[in-house]
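The values are calculated or read from the model by the stated rules, or taken from the named source; none is laboratory data. None of the values given here were measured: they were computed from a predicted structure. Cβ placement follows ideal geometry from the backbone for every residue including glycine, while neighbour counts extend to all protein chains displayed. The area values use the complete protein model at the heavy-atom level, side chains included, leaving out ligands, DNA and RNA. Shrake-Rupley method; radii C 1.70, N 1.55, O 1.52, S 1.80 Å.
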Amino acid sequence: MSGYFRTSYAQELALIDTRFQRAWVVAFVLALIAFPFIASPFHLDLACQVFLACVGSLALMLLTGYAGQVSLGHAGLLAAGAFTVGILYREANAPFWLTLPAAGIVGALLGVIFGLPSLRLRGLYLAVSTLALHFVVIYLGGEYESRRGFSTGIVIDPPQIGSLSITDGRAWYFILLAAAAATLLISLNLLRARTGRAWGAIRAHETIAEALGIGVAAYKLLAFVLSSSMTAVAGALFAYYRGFVSVEAFSLFLSIQYVAMIIVGGMGSLLGAVLGAVFVTLFPYAIEAALMQLPNAQAYAGVLFAVNYAAFGVVMILFLLFEPLGLVGIWRRLQTYFLLWPFRHRPLAGPRR
């Protein structure tokens with residue numbers, strides 16, 4: 001459709017195909033680098049929230065969007081990574097270069113423990129089994145808080161590199177941007193390798209995948225382990241960025257938000273995971289800004305939380321009904337339109353009558 005054809009295996013594996021794409025990537029990278037130097041502290045915080053959400057949504061997309069394993073325990077994995085940092089910091093004063101790998105290891109162990117039921121469960125039963133992960137982690141985290149007297153949460157000092165303490169918003173922007181970019185590159189390479197092809201076959205039809213010689217059990221468990229480890233690291237970064245850990249920050253609604261990210265963004269697409277993370281993170285702020293433009297805006301302050309919940313539900317329903325391909329489907333239609341412009345593109349639905 002675009003006029004570019006892949007004629008070699010190397011071209012098939014290339015992440016960027018054309019000069020036009022390379023130019024856009026360079027422009028996008030330069031814009032990301034320049035953004036923190038012109039943005040306000042509030043907009044920097046929004047960008048950091050988006051990057052954290054991107055790490056979690058990409059991890060969930062690998063598990064659900066590509067491997068086809070439904071999970072509702074994402075908030076529990078984020079909490080596991082955050083509490084790993086909090087406990088190691090408070091009990092052993094461990095530095096960040098130890099707590100971050102420890103969070104990844106804890107996430108991988110949880111992925112093994114709660115991924116084992118996925119070998120025998122499917123659909124709703126699998127979702128409920130992953131939901132148990134959320135309640136177990138939140139219960140253990142709450143018990144630690146109450147027994148150690150951290151009633152308002154575990155306070156964590158900023159990470160230090162030598163004598164330098166990372167407190168500046170711009171520094172956090174680049175750290176979280178690097179984390180999101182690394183997660184995206186790791187996910188891309190996993191999907192282009194044998195692992196991604198195996199996940200795609202399992203998602204399409206497990207019986208046929210097994211008949212083709214794919215180790216279904218091993219690859220399903222691998223999807224849980226990798227996704228859980230990435231998510232726990234995202235929770236650890238969240239703990240350092242916010243400077244505290246509390247069970248109230250990891251409600252069940254957070255798991256629903258991450259499921260919404262991959263649905264609204266577009267299932268089975270890493271670009272969809274990124275677009276969904278941006279949309280779901282910024283949506284409450286957009287609703288708040290819209291309410292503040294109404295006459296007598298202060299009167300709506302008490303119902304802002306309820307309006308956010310209601311609007312979030314309405315948007316989910318609208319996407320499921322009218323745009324099941326999500327934001328990435330809208331993007332692809334726009335891309336196709338401009339690639340074919342000024343020609344009209346009609347579906348092959350037979351002759352017009």
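A few remarks follow.
- Inter-site label distance for Glu323 and Gln335 at 7 Å from Cα along Cβ, in nm: 1.6
- Once all protein chains are placed together, His205 keeps about 90 Å² accessible to a 1.4 angstrom probe.
- Met267, Met261, ranked by accessible area, largest first (probe 1.4 Å): Met267, Met261
- Accessible-area value, Ile33, 1.4 Å probe, nucleic acids and ligands omitted, Å²: 80
- Structure-derived Cα extents along the principal axes in Å: which label, when the choices are (i) 73, 58, 47; (ii) 60, 54, 39; (iii) 74, 60, 42: (iii)
- Under the Karplus curve 6.51 cos²θ - 1.76 cosθ + 1.60, θ = phi - 60°, whole-Hz ³J(HN,Hα) for region 149-154, x wherever Gly or Pro sits: x, 8, 5, 9, x, 8
- Calculated FRET efficiency for the pair Leu15/Leu140, C-beta based, R₀ 30 Å, to 0.05: 0.15
- Which of Asp168, Asp17 is most accessible, then next, and so on - probe 1.4 Å: Asp168, Asp17
- A protection proxy built from the mean count of other Cβ atoms within 10 Å ranks the segments 82-91, 214-223, 321-330, 230-239, most packed first, as 230-239, 82-91, 214-223, 321-330.
- Placing dummy labels 7 Å off each Cα toward the beta-carbon, the span from Ala289 to Phe174 is 2.7 nm.
- The listed residues Trp331, Trp97, Trp199, once ranked by accessible area (1.4 Å probe) with the largest placed first, stand as Trp97, Trp331, Trp199.
- Over the chain: helical MRE at 222 nm, DSSP H runs n ≥ 4 each giving -39500 (n - 2.57), nearest 500: -24000 deg cm²/dmol
- Accessible area per residue for the chain, computed on protein heavy atoms with a 1.4 Å probe, is 56 Å².
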